[in-house]
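Everything below concerns the one structure shown next.
The values are calculated or read from the model by the stated rules, or taken from the named source; none is laboratory data. No experiment lies behind these values; they were computed from the predicted model shown. Don't worry about glycine lacking a Cβ; one is built from the backbone with ideal geometry, like all the others, and counts go over all protein chains shown.
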Amino acid sequence: MYFCGIKITAKILLQCTPEQADALRETLELGNRICNHISQKAWEHKVFTPFKLHKIVYHDVKSSFPVTAQLIIRLIAKVADAYTLGKEKQRTFRKYGAISYDSRILRYYTEKRFVSIWTAKGRMRIPFIVNDHNAELLKTQQGESDLVYRDGKFFLFATCNVEEPPEEEFKDILGVDLGIANIATDSDGQSFSGERLEASRQWYAERRATLQSVGTKSAKRRLKQLSGRQKRFQQNENHLISKTLVQKAKGTKRALALEDLTGIRKRTTEKVRHEQRAQHSNWAFYQLKQFVAYKAKRLGVPIITIDPRNTSRTCNACGYCDKANRKSQSLFVCGSCGHSENADKNAAKNIRSKGFLRKPMVADGAYATVILQQQATRL
C-alpha cells in the first residue's frame, strides 16, 4: 500500500545496563566488520547493487559470522548504499558505525517503553527514554531504525510515517529573507538575529584552537567533549526560528515564500574576505529551510520557492533596482523614489511579491518530504 505522508525520524535514548552496552558495542563492531568483508567482495567483483551483491556474499557471510539472516540483508544494503556515493575506491566502515534494524530484529513496546533488539549476545529487552514529541511519533513507527553509538550512549533513530494534512487555502504570503547578520527576516518585519550564533561560533573556534595548541591528554578529552556542541546549538536555534515562522503563517492563513539558495554557499564564500569565510561557511541556511519545509508540511502550510536574484537591490515600493540602493547591511534607500527601510525587511517584501507569481511547490522533491535524521553516518 502506497503511503502518502511525511517520513520523520524519532530519536530515543536506550537505558542500557553495562552488560547490555557491551553487547551493543560488540554488535556494532561485528556488523561493521561484516560490512568491510562485504565491501571487499563488492570491490573485487565490481558488483555494487543490493540484489547482485546478495547473490555473491550472503551464503559466505552466513557461514562465516554468527549473525541472523535479516541483519545480513541490512548490512548488504548498507554497503550498497555506501557505494552510491562513488565507486572510485573501496568503501570502509568505522568500528562503531551505525547499523540498521527492521521489524524482524527490532520491536518497539511503546507503552512499556522498552525495545526487544537482536544483539551479538542474543535477544535483549532494553528500556528507553523518549520525550513527548518523539513518543507521539513512535506511534507511527514503520520501516528501519538505526542503532547509533554516540558519546558513550546508544540511540535508536526510528523512521516514522506521519500522515500529511491537506494543504490549506491561503489568503496571503509571508516572505522570508535568509541572511547572516539576521538569520531570517519576514515581510512583517520580525527578525531573528544571528549574533548569538556568531558569538557561539567564535567562542568554540577560539576554544578549539587553544586546546589544539596545548595538545595534552586532558586537552584532547576536552576537545572530544566540545565536539558537536556548536552544531547542536545551531540546530536548536534553527528549530526555534522555523517553528515561529511556520506557526505565524499557519495562524494568519498565509503561505511561506522562501528563496531558492542552491549553490549560495560556494558563491558567497568565493566573494568574501578570507577572515569572513568561516562565518559564511557556518551559515546553516539549508538546514533552516529543511526545518521550515517539514514543519510547514505537517501543518498544511504551502511553501513557495522563488528566485532570489535582486531581491536585496530592488525597492519594494517602486520597483527600482540598483546595487547602490543597498547602502549598508541594514539600510536600504531607493535611489529613485527615496523609500528607506531595513534592508532585510525590504528583501522579504520583494520575496513575498515574487511569491504571488509562483504556484505553491509543497510537493517539490527537494523540500517536500524531509527525513529529519540526526545524521548518524553509516560509514
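Of note:
- Any hit, segment 199-215, residues being under 18 Å from the mean Cα position of the chain (by Cα) and within 29 Å of residue 133 (Cα to Cα): no
- For residue 199: the one exception among (1) part of a helix (DSSP H, G or I); (2) farther than 19 Å from residue 329 by Cβ; (3) of a type in the set (A, V, I, L, M, F, W, C): (2)
- Residue satisfying all of: in segment 149-174; closer than 30 Å to residue 221 by Cβ and outside any strand (DSSP E or B); modelled with the lowest pLDDT among these: 151
- Selection over segment 217-252 of residues that are over 18 Å from the mean Cα position of the chain (by Cα), hydroxyl-bearing (Ser, Thr, Tyr) and modelled with pLDDT under 90 gives a count of 1.
- Long-range neighbours under 7 Å by Cβ, at least six apart or interchain, first residue among the hydroxyl-bearing types (Ser, Thr, Tyr) within segment 237-259, second surrounded by 16 or more Cβ atoms within 10 Å (Cβ to Cβ) and at pLDDT below 95: 242/288; 242/291; 242/292; 242/295
- Segment 336-353 residues that are farther than 12 Å from residue 311 by Cβ and without any contact (Cβ under 8 Å) to a residue 24 or more places away in the chain, paired with ones that are of a type in the set (Phe, Trp, Tyr) and assigned to a loop (DSSP other than H, G, I, E, B) (beta carbon under 6 Å, 6 or more apart): 336/320
- Condition check for residue 147: surrounded by 13 or more Cβ atoms within 10 Å (Cβ to Cβ) and under 30 Å from residue 70 (Cβ atoms): yes
- Evaluating residue 183 against the criteria (1) buried (at least 17 other Cβ atoms within 10 Å of the Cβ); (2) of a type in the set (A, V, I, L, M); (3) free of Cβ contacts under 8 Å to residues at least 12 places away in the same chain leaves one unmet condition, (3).
- Of the residues 123, 104, 113, 150, the single one that is more than 13 Å from residue 34 (Cα to Cα), among the basic types (Lys, Arg) and in contact with a Pro (Cβ under 7 Å, 6 or more places away or on another chain) is 113.
- Residues being in contact with a strand residue (DSSP E or B) (Cβ under 6 Å, 6 or more places away or on another chain), under 29 Å from residue 347 (Cα atoms) and either assigned to a loop (DSSP other than H, G, I, E, B) or among the hydrophobic types (A, V, I, L, M, F, W, C) (or both) are entirely absent from segment 219-236.
Residues checked against (1) crowded, with 22+ Cβ neighbours inside 10 Å; (2) in a loop (DSSP other than H, G, I, E, B); (3) at pLDDT 90 or above:
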{"site": "290", "(1), (2), (3)": "no, no, no"}
{"site": "296", "(1), (2), (3)": "yes, no, yes"}
{"site": "305", "(1), (2), (3)": "yes, no, yes"}
{"site": "310", "(1), (2), (3)": "no, yes, yes"}
{"site": "324", "(1), (2), (3)": "no, no, yes"}
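- Any chance residue 177 is within 22 Å of the chain's Cα centre (by Cα) and either at pLDDT below 85 or not assigned by TED's automatic domain parsing to the domain that holds residue 287 (or both): no
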